[in-house]
Amino acid sequence: MSKRIAVLVSGGGTNLQALIDAQARGELSGGEIAVVVSSEPGVFALERARRANIPSLVLSPAGCPSAGAYTAALTEKLQDLGIDLVVLAGFLVILTGEIIRAFPNAILNVHPSLIPAFCGEGCYGLFVHQKALAYGVKLSGATVHFVSEECDGGPIVLQKAVEVLPGDTPEALQRRIMEQCEWKLLPQAVSLFCQDRLRVEGRQVRIL
């Protein structure tokens, strides 16, 4: 039985596209993208799903009285769909602990830095790369980690680094990290999960 994957998005869906392309190449061993869930209507990620003939739905936080209520509605929807793995791919809504308890060590997130650097509350999108450049690091990159109740604090599955080049802008660094790190790591981590090759032991993730 292949594992059913839900990809959660809020925008353009470049990491979703990396997963769709990996699936088309037969690289998501043991898994299939069963649904794309967007927090916003009309985003390009939904068009990517449509082109790939993947079912999608919009679940907007606008109609929910609290983050907890939104998380409960989302969790219930994912359980109804029989989802095995949840992938946060540029999903910009704060979720509460209910979804983490419902999907223990079964929610993956990709973050555009080498955690624990430049992560946590408020560190997303270009802000991450602005901070990295302001600090003067020589290497940055991306991290795929399991989601825990601590923001960007879950066990690390995979990391990949790139050099920070002289004259880099936040946009240039963001692009290099997406192309060379995020778009490679995320499909790899999803495939490992779907093959039951990830074992979480405390803070360590062993690849079997």
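For helix 14-24, what angle does its Cα long axis make with the longest principal axis of the chain, in degrees from 0 to 90 and rounded to 10?
60 degrees
Pop the C-beta distance of L92 and L57 into the FRET formula with R0 = 25 Å and round what comes out to the nearest 0.05.
It comes out at approximately 0.90.
Of K77/K160; K131/K184; K3/K77, which pairs sit farther than 26 Å apart, going by alpha carbon to alpha carbon?
Pairs exceeding 26 Å: K77/K160.
Go through E182, E32 and list them by solvent-accessible area, largest first, probe radius 1.4 Å.
From most accessible down to least: E32, E182.
For region 143-153, take each phi angle, set θ = phi - 60°, evaluate the Karplus expression 6.51 cos²θ - 1.76 cosθ + 1.60, and give the result in whole Hz per residue in order, putting x for glycine and proline.
10, 9, 9, 6, 8, 10, 6, 8, 4, 6, x
Provide the gained length on full extension for the span A161 to Y135, in nm with one decimal, where the gain is 0.36 nm per separating residue minus the Cα-Cα distance.
Gain in length upon complete extension: 7.7 nm.
Just to check I understand the Karplus step: with θ = phi - 60° and J = 6.51 cos²θ - 1.76 cosθ + 1.60, what whole-Hz values come out for region 178-193, glycine and proline as x?
Working through the residues one at a time gives 4, 5, 8, 10, 4, 5, 8, 5, 5, x, 4, 5, 4, 5, 4, 4 Hz.
Tell me, what ³J(HN,Hα) does each residue in region 78-91 have, in order and in whole Hz, if you take phi through Karplus 6.51 cos²θ - 1.76 cosθ + 1.60 with θ = phi - 60° and put x for Gly and Pro?
5, 5, 4, 7, x, 6, 9, 9, 10, 10, 8, 10, x, 9
Based on the Cβ-Cβ distance from M1 to D80, what FRET efficiency comes out when R0 is 22 Å, to the nearest 0.05?
My answer for the efficiency is 0.80.
The values are calculated or read from the model by the stated rules, or taken from the named source; none is laboratory data. The model shown is predicted, which means the values in this text are computed figures rather than measured ones. In this analysis, Cβ positions are derived from the backbone assuming ideal geometry, glycine residues included, and neighbour counts consider all displayed protein chains. These accessible areas exclude ligands, DNA and RNA; they are computed on the full protein's heavy atoms, side chains included. Shrake-Rupley method; radii C 1.70, N 1.55, O 1.52, S 1.80 Å.
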